[in-house]
Amino acid sequence: MTKKMWMVRAGEDAYLVDDFKKKNYVAIGWNELGDISNIKKRENIKEFVEQKYDYSKKSQVSTTAGQISRFLMDIKKGDYVISYDPTNRVYLVGKIESNYEHNPKLSDYHHLRKVTWLGEVSRDKLSTSTRNTLGAILTIFEINDNAAKEIIGILEGKGPVKDEISEELDEKNLKEDMVSRAHELIKDKIIGLDWEDMEKLVAGILRAMEYKTLITERGSDRGRDIEASPDGMMLEEPRILVEVKHHTGQMGRKEIGSFQNLIRGRKGIYVSTGGFSKEAKYEAERSTDQLTLIDADRLVKLIIQNYDNFDVDTKLLVPLSKIYWPT
């Protein structure tokens, strides 16, 4: 398609969708910014957002500035625009008729563009791949050409497009993609912890697995950071010694060998968020003691497997939400 197509969502739970339709506009919030029609550079939008909003993370500033930039600079007169009405399961489809306008009187959202609505497309008529494409959570995003052509085709009466892949397969791929992204986001969270909180996290995982734990005082551990056993006195078997290395790069054969000398006759867990060299893994595999190596990826898996049993303090270190997926 020569013209671009954009999704502009109608606020939380699409509460403005009827207003969009009745008054022929689309709009975005961030009203505190006031009139931004004189801003000509993207970097200025970012600076403006930083001044107006007290975001705790730089990523929030970048995401907000990116959304505003798209609405102000990327969307053009003549482009197609859609907005979703979840109650009726239809997409409003229209054309952008104006440049950016600041109008506090027309809508709850003050940054807007006038639209001529061309009609509606039922979500049920769209192919699985297009429905999944339209599921992005951003307020504003560009819709790819294939999905845009399909939407316009249905609007013009050409009928639904036959799915090239089964709905079951497409949903499976989408789920796998989301699981993979979630894994990486959780890993980002744990990598961002300081060394003290990392030790608390590992101890919390062990407690969720019904062990009692003791975090040794810094400087007195002689190569161990956590002790764990079924009883609080660290007398009952299995007695486990845990070494935690965080932000220190890959562990090698030397570090694993030193830890082996410490755990003689007991069980050991070596946690390294920087991973392990091939030689370190070989050293652990040939150990006569029970020694488990845990890198950042395996740590994420342990968090997911045991999260429901985490105590409050441990959950606060890595706050997660459960997502339900249709089967």
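(1) farther than 30 Å from Leu72 by Cα; (2) at pLDDT below 90: which one isn't true of Lys125, the others all being true?
(2)
I'd like the residue in the range 173-214 that is in contact with a strand residue (DSSP E or B) (Cβ under 8 Å, 6 or more places away or on another chain) and of a type in the set (Lys, Arg) and, out of all such residues, is nearest to Pro319 (Cα to Cα).
Going through the qualifying residues, I end up with Lys200.
Mind listing whichever residues of the range 25-43 are under 25 Å from the mean Cα position of the chain (by Cα) and part of a helix (DSSP H, G or I)?
Once the filter is applied, which keeps residues that are under 25 Å from the mean Cα position of the chain (by Cα) and part of a helix (DSSP H, G or I), the range 25-43 yields Arg42, Glu43.
Do we find a residue being modelled with pLDDT of 95 or more, more than 30 Å from Gly157 (Cα to Cα) and part of a loop (DSSP other than H, G, I, E, B) anywhere in the range 70-79?
Within the range 70-79, none of the residues are modelled with pLDDT of 95 or more, more than 30 Å from Gly157 (Cα to Cα) and part of a loop (DSSP other than H, G, I, E, B).
Which residues, counting only those in the range 143-153, are exposed (fewer than 13 other Cβ atoms within 10 Å of the Cβ) and within 17 Å of Ser83 (Cβ to Cβ)?
Answer for the range 143-153, where residues must be exposed (fewer than 13 other Cβ atoms within 10 Å of the Cβ) and within 17 Å of Ser83 (Cβ to Cβ): there is none.
Would you call Val8 in contact with a strand residue (DSSP E or B) (Cβ under 6 Å, 6 or more places away or on another chain) and closer than 19 Å to Tyr109 by Cα?
Yes, satisfied.
Say we look at the range 8-19 and pick out the residues that are outside any helix (DSSP H, G or I) and surrounded by fewer than 20 Cβ atoms within 10 Å (Cβ to Cβ); which of these is nearest to the chain's Cα centre (by Cα)?
Looking at residues that are outside any helix (DSSP H, G or I) and surrounded by fewer than 20 Cβ atoms within 10 Å (Cβ to Cβ), I get Gly11.
With Tyr307, Tyr282 as the choices, which residue is within 15 Å of Gly204 (Cα to Cα), out of contact with any helix residue (DSSP H, G or I) (no Cβ under 6 Å at 6 or more places or on another chain) and assigned to a helix (DSSP H, G or I)?
Testing whether each residue is within 15 Å of Gly204 (Cα to Cα), out of contact with any helix residue (DSSP H, G or I) (no Cβ under 6 Å at 6 or more places or on another chain) and assigned to a helix (DSSP H, G or I) leaves just Tyr307.
Of all residues in the range 110-132 being of a type outside the set (A, V, I, L, M, F, W, C) and under 13 Å from Tyr84 (Cα atoms), which is surrounded by the fewest Cβ atoms within 10 Å (Cβ to Cβ)?
Applying the filter and picking the extreme gives Asp124.
If only one of Lys22, Lys46, Lys3 is on the phi < 0 side of the Ramachandran plot, in a loop (DSSP other than H, G, I, E, B) and not aromatic (Phe, Trp, Tyr), which one is it?
Residue meeting the stated conditions: Lys3.
Being buried (at least 19 other Cβ atoms within 10 Å of the Cβ), in contact with a Gly (Cβ under 7 Å, 6 or more places away or on another chain), within 16 Å of Leu72 (Cα to Cα) and not hydroxyl-bearing (Ser, Thr, Tyr) is the requirement here; does Ile140 meet it?
no
If you go through the range 98-115 one residue at a time, do you hit one that is aliphatic (A, V, I, L, M), under 26 Å from the mean Cα position of the chain (by Cα) and either part of a strand (DSSP E or B) or within 30 Å of Glu156 (Cα to Cα) (or both)?
Looking for residues that are aliphatic (A, V, I, L, M), under 26 Å from the mean Cα position of the chain (by Cα) and either part of a strand (DSSP E or B) or within 30 Å of Glu156 (Cα to Cα) (or both), one finds none in the range 98-115, hence no.
Yes or no, residue by residue, for (1) under 17 Å from Ala10 (Cα atoms); (2) at pLDDT below 95:
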site	(1), (2)
Asn88	yes, yes
Ile96	yes, no
Ser107	yes, yes
Thr133	no, yes
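All but one of (1) surrounded by 14 or more Cβ atoms within 10 Å (Cβ to Cβ); (2) more than 27 Å from the chain's Cα centre (by Cα) hold for Tyr282, so report the exception by its number.
Status for Tyr282: all satisfied but (1).
Which numbered condition trips up Leu92, out of (1) touching a strand residue (DSSP E or B) at 6+ places or on another chain (Cβ under 7 Å); (2) among the aliphatic types (A, V, I, L, M); (3) crowded, with 18+ Cβ neighbours inside 10 Å; (4) modelled with pLDDT under 95?
(4)
Would it be correct to say that Thr64 is surrounded by fewer than 17 Cβ atoms within 10 Å (Cβ to Cβ), out of contact with any Leu (no Cβ under 9 Å at 6 or more places or on another chain) and among the hydroxyl-bearing types (Ser, Thr, Tyr)?
No: the conditions fail for Thr64.
Report whether or not Glu156 is more than 28 Å from Glu43 (Cβ to Cβ) and surrounded by 16 or more Cβ atoms within 10 Å (Cβ to Cβ).
No; evaluated as a whole, the condition is false for this residue.
For residues that are surrounded by fewer than 15 Cβ atoms within 10 Å (Cβ to Cβ) and either touching a residue at least 24 places away in the same chain (Cβ under 8 Å) or more than 19 Å from Ile226 (Cβ to Cβ) (or both), tally how many sit in the range 291-300.
The total comes to 2.
The values are calculated or read from the model by the stated rules, or taken from the named source; none is laboratory data. Note that the structure is a prediction, hence the values are computed from the model and not measured. Cβ sites come from the backbone with ideal geometry, for glycine too, and all protein chains shown count toward neighbours.
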